[in-house]
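The next block holds one structure in the form of structure tokens; read it before the comments.
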Amino acid sequence: MSTSTASAKPAPAKTPRSATTGEPVTTVARRNRLGIWLCIVSDATGTVALLISYVYLWSLNVNDAWAPPKDQFADDLPFWLIVGGIILAAATMWWGVRGIARGQRGRLILASALATIIVLVTFVGQIVQLSTFPFAMTDGAYASATFWLAIATAIHLSVVLFLTTAIMNRTRAGLFTSSNHSHVRLVAMWMTWVCVAALVGAVCTTTMKVSPNTQSPAFGVFTSQ
């Protein structure tokens, strides 16, 4: 056997190809990552608009119509329980991402199943909170702004629930490998953004209750109920 033959190195493994486009999976993953960032930016504009509306109405207190009747503000605990549930689900999914990156398919199945259960429980909790607020949506600016922030969180949770369920089913079908699992990472990225949105919303709704503006400006005929 010649020296050149003995020292020959094995050919590097080929990059897997996408089943839909035929491109290397790394190329598709890079394009999809840009897509999820654009989705996050787009969604963030709506979330920021809701937060700005909340802070603006709280600080201005037009016609003294910020607070709900009898100053019945929402309890703080449900907001933080919901945030905790979202963070726990996201952390669980990232645990699954690290597992599949090492070829541990069973770990991702477990992680996505647990994340799905956590998100489902959190979503139900959000619906319960919406249905038990001590005010109606029309009971002043605080009530309206708080309802919309909670509704936004419910919508986020419904999307996350769909995604975690899809990841669980696709993992069980063997569609993710250590070299081709970018979709799992993208879902974890989206869940991380949902954590940020819910956290900032909870900070606003639990720390900005009584308006600091005691000399509220008058505007038209808008009054509290």
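Values quoted throughout were computed directly from the atomic coordinates according to the rules given, and no laboratory measurement underlies them. Keep in mind that what you see is a predicted model, and the values were worked out from it rather than measured. Note that each Cβ is placed from the backbone with ideal geometry, even for glycine, and that neighbours are counted across all protein chains shown.
Things to note:
- Check on PHE79, not polar (S, T, N, Q) and not in a helix (DSSP H, G or I): no
- Residue ID - surrounded by the most Cβ atoms within 10 Å (Cβ to Cβ), chosen from residues in the stretch 29-55 that are of a type in the set (S, T, N, Q) and either touching a residue at least 24 places away in the same chain (Cβ under 8 Å) or not in a helix (DSSP H, G or I) (or both): THR47
- Qualifying position, being part of a helix (DSSP H, G or I), touching a residue at least 60 places away in the same chain (Cβ under 8 Å) and surrounded by 18 or more Cβ atoms within 10 Å (Cβ to Cβ), among ALA150, ALA141, ALA113: ALA141
- Hits in the stretch 163-216 - residues which are assigned to a helix (DSSP H, G or I) and basic (Lys, Arg): ARG170, ARG172, ARG185
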